[in-house]
Amino acid sequence: MNKKLLLSTLVLLAVTFGFSQTKEELQAQKAEKQAEANKFQEEANALQAQIDALPGWRKGAFGTIGGSLSNFNDWYSQAAPNNSTGNIGITFNAFANKIEDKYFWRNSLNISLAWVKLDDKDTDADSDDFEPTSDVFNISSLYGRNISKTWAISGLAEYRTTLLNDFNDPGFLDVGVGATWTPIENLIVVIRPLNYNFVFAENDAAFQSSAGAKIVADYTRQIGAINFKSNFSTFQSYEDSDLSNFTWTNSFSYTLWKMIGVGFDFALRSNKQEAANYQAVDLADADNKLQSYYTVGLSYKF
């Protein structure tokens, strides 16, 4: 009996030792393969950097989709026990840049749309439709001829309006010439002392075209699964400070699985002409509060 027990113990120890050896060997093999994979990834990143530095087109796009839907029936703890609500937000960013040794042509598009719905089923006084809230459309095109490694003489056209409500009323078109500065990779700063801000609108009392200076700073970058874009655009009128405006937009997305991830968009704007038009007052009497919006939701990398 003791011999059988001793033999069983020895067999169990041998099996356990064998499994331990196999696990250690597998871990060692995994570490070796991981080191090789890291080496190949570094080489691939270096090759991609060389490809990105070559002349030619660079294109990309990413966006964010956020939303929520809810429905309540006889939920008496709230003021409207029978209602349906919903929020939908979409943001889309795209660029197409042609970079050559002597010149460049950079094009970008930003769209941000949102709808909200609050339908009280116990009354017919409200709307049961999704009503637009955020409505932003911005497209720009920048052409420049290089005079040094970081400076270029350039011309920029930028157009901004709404898509869902009163397209091109108002619409803002900036056209001008100046200089472009690229101090670091992915950062573009446009300085145009000669610029004209065309404003298209039916309300002439609130909107007025004027000459002024235009400054645009754009930083767009992709780091692995992270996409980031920040754009600041300001127009400073030479005729009247009430005709000046600025818009600052920021978009961030992080890819979690394949092309799907999470996204966040945030923007600030100051435009006294838009405030006067909304408040139905003269431009000088408008209360120009800081405008803002944000969208959080799922993102999709194109």
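Considering only DSSP states other than H, G, I, E and B, which chymotrypsin sites (Phe, Trp or Tyr not before Pro) in region 85-162 qualify as loop sites with at most 16 other Cβ atoms within 10 Å?
Answer by residue number: 130.
Between rounded, prolate and oblate, where does region 144-301 land on the alpha carbon gyration tensor, with a ≥ b ≥ c its root eigenvalues, rounded for a/c under 1.5, else prolate if a/b exceeds b/c?
Oblate, because a/c is 1.5 or more while a/b does not exceed b/c.
Grab the other residues whose beta carbon is less than 9 angstrom from that of residue 202, score K and R as +1, D and E as -1, and report the net.
Residues close to residue 202 contribute a combined charge of -3.
Pick out, in residue order, every one of the trypsin sites (Lys or Arg not before Pro) in region 47-149 that is DSSP loop and has at most 14 other C-beta atoms within 10 Å; say none if there are none.
102, 149
Restricting to DSSP loop positions (anything but H, G, I, E, B) with no more than 10 other Cβ atoms inside 10 Å of their own Cβ, which trypsin sites (Lys or Arg not before Pro) remain in region 176-280?
Answer in residue order: 258.
Suppose a student asked you for the relative contact order of the chain, using Cα pairs under 8 Å spaced at least 6 residues apart; what percent would you report?
12 percent
Sorted from fewest to most neighbouring beta carbons within 10 Å, what does the list 243, 290, 26 look like?
290, 26, 243
Local charge sum around residue 251 (other residues, Cβ-Cβ under 11 Å, Lys/Arg +1, Asp/Glu -1)?
Here the charged neighbours net out to 0.
Can you give the net charge of the other residues whose Cβ lies under 10 Å from the Cβ of residue 229, counting K and R as +1 and D and E as -1?
Residues near residue 229 contribute -1 overall.
Given points 7 Å out from each Cα along the Cα-Cβ axis, report the residue 203 to residue 71 separation in nanometres with one decimal.
Spacing of the two 7 Å Cα→Cβ label points: 3.8 nm.
Quick one: longest stretch of the chain between exposed loop GluC sites (Glu not before Pro), exposed meaning at most 15 other C-beta atoms within 10 Å and loop per DSSP?
1-99
Can you put 296, 189 in order, fewest other beta carbons within 10 Å first?
In order of increasing Cβ crowding within 10 Å: 296, 189.
Taken together, the values in this text are just the output of simple stated rules run on the coordinates, not laboratory data. For clarity, every value in this text was computed on a predicted model and none was experimentally measured. Positions of Cβ are generated from backbone atoms using ideal geometry, with glycine treated the same way; all protein chains shown enter the neighbour counts.
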